[in-house]
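*Asks:* Structure below; questions to follow.
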Amino acid sequence: MEIIGEKINTTRKDVQKAVRERDAAFIQELAQKQAEGGAAFLDVNSGLALYPEEEAEDFAWLVPLIQKTVDLPLCIDSGRPQPIEAALKLHRGKAMINSVNGDPAKMGEIFPLVKKYGCKVIALTSSREGGIPATSEERLKIAQTIATEAQKYGVPLGDIYFDPLVMALSTQHGNGTLFLETLRGIKKNLGEAKTVSGLSNISFGLPKRRLMNQVFLVLALGCGMDAAILDPTDKALMAMIRAGETLMGKDPFCAKYISAFREGRLDV
Ligand code: THG
């Protein structure tokens, strides 16, 4: 499973402060720690509602800073095309855009950037009119629409990571199975397309959130989820991913599992 490190996100107060004060050392440490933990991408979000006009400038500072610290591609997390392009212009390697959805206007903004910069893209299975649909069939239909539209722009299906969108279990007891069903449906109907999720919304409003997040991650892994946005410095969570991948037959001779053990990465 490809891990997208979630920590460089200005919804976190200390990150917001570091970005505003241009505290390079703070950001570099977050990048370094997540890389050491096993991240394949680092999500970068600077969408401060209070200062939207600064987002492009923030990216222009963050992207080169992070990429001179760690040799990883970034997942540019923003709702607006202009800051996304400011980030992509300075990005080395194959970036990921977070995100597009089934809204035609959104697709018209994002897919040209995906094509121009040859990146990957996260596609949320939601739309402007319908919001986040209540059934997996409707979410799948949006995924199909997005796949068809992407093709018109020459964006390969293998570069699209569909995010079925996790909603809190505490508000609807079927939200976990709805998510897992959507995941399976995408894998089954959209061939080479990838799947991704930030999982932690599932446990919102419940006690022992870490327990719920860990078990949910393992269930998603069992349904073939390809990538996850999470905290790669969480050793227990990362140990579960390593064990889960080995159990899912993705680790010939259990070699990765054994080397993770030797590196002390399996202590939960
Ligand atoms: N899908 C997509 N993008 C996403 C999400 C998703 N981007 C945002 C989010 N969900 C994933 N990113 C985060 C970032 C931070 C936290 C959660 C999700 C977070 N941080 C707490 C903090 O730092 O205080 C807690 C972290 C901790 O416990 O260590 O909650 O679903 N496409």
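Nothing in this text is a laboratory measurement; each read-out follows from the coordinates by a stated rule. Nothing here was measured: the structure is a model prediction, and the numbers come from that model. Backbone-built Cβ (ideal geometry, glycine too); neighbour counts: all protein chains shown.
*Asks:* For the range 52-106, which trypsin sites (Lys or Arg not before Pro) pass both filters: DSSP loop (anything but H, G, I, E, B) and at most 13 other C-beta atoms within 10 Å?
*Replies:* Qualifying residues, ordered by number: Arg92, Lys94.
*Asks:* Can you give the charge dipole size of the chain about its Cα centre, rounded to the nearest 20 debye, using +1 on the beta carbon of Lys and Arg and -1 on the beta carbon of Asp and Glu?
*Replies:* 440
*Asks:* Connecting C-alpha atoms closer than 10 Å in a GNM of the chain, tell me which of Val19, Val215, Val155 has the biggest fluctuation.
*Replies:* Val215
*Asks:* Using a 10 angstrom Cβ neighbour count of at most 12 plus a DSSP loop assignment to flag exposed GluC sites (Glu not before Pro), which longest range of the chain is free of such sites?
*Replies:* 22-128
*Asks:* While we're here: What lysines could a cross-link reach from Lys17, if we take a straight Cα to Cα line under 22 Å and drop same-chain neighbours fewer than 8 places away?
*Replies:* Lys7, Lys33, Lys68
*Asks:* Nearest 0.05, what FRET efficiency do Ile258 and Ala168 give at R0 = 51 Å with Cβ-Cβ as r?
*Replies:* It comes out at approximately 0.85.
*Asks:* Do any trypsin sites (Lys or Arg not before Pro) in the range 182-268 lie in a loop, going by DSSP, with at most 13 other beta-carbon atoms within 10 Å of their beta carbon, and if so which?
*Replies:* Hits after loop and neighbour filter: Lys208, Lys250.
*Asks:* With runs of 4+ DSSP H residues as the only contributors, calculate the mean residue ellipticity of the chain at 222 nm using -39,500 (n - 2.57) per run, divided by the residue total and rounded to the nearest 500.
*Replies:* It comes out at -15000 deg cm²/dmol, rounded to the nearest 500.
*Asks:* Sticking with this structure for a sec: So if each residue of separation counts as 0.36 nm, and I subtract the Cα-Cα distance between Glu36 and Arg92, what length gain in nm does that give?
*Replies:* Taking 0.36 nm per residue and subtracting the Cα distance, the gain is 18.2 nm.
*Asks:* Right, another one. How long, wide and thick is the range 46-125, going by the Cα atoms along their three principal axes, in whole angstroms, largest first?
*Replies:* Principal axes ranked by extent give 36, 30, 19 Å for the Cα atoms.
*Asks:* Quick one: what are the phi-derived ³J(HN,Hα) couplings along the range 230-239, Karplus 6.51/-1.76/1.60 with θ = phi - 60°, whole Hz, x for glycine and proline?
*Replies:* Along the range 230-239, the couplings run 7, 8, x, 8, 7, 5, 5, 4, 5, 5 Hz.
*Asks:* Expressed as a whole percent, how much of the Cα-Cα distance distribution for the chain exceeds 30 Å?
*Replies:* In whole percent, the share of Cα-Cα pairs in the chain beyond 30 Å is 28.
*Asks:* Turning to a different aspect of this structure: Relative to the compact globular guide of 2.2 N^0.38 Å, what is the alpha carbon radius of gyration of the range 202-268, as a ratio?
*Replies:* 1.14
*Asks:* Just grab the label-to-label distance for Lys115 and Ala24, each label 7 Å out from Cα along the Cβ direction, in nm (one decimal).
*Replies:* It works out to 3.8 nm between the two label points.
*Asks:* How many lysine pairs in the range 80-175, separated by 8 or more positions in sequence or lying on different chains, have Cα atoms less than 20 Å apart?
*Replies:* 16
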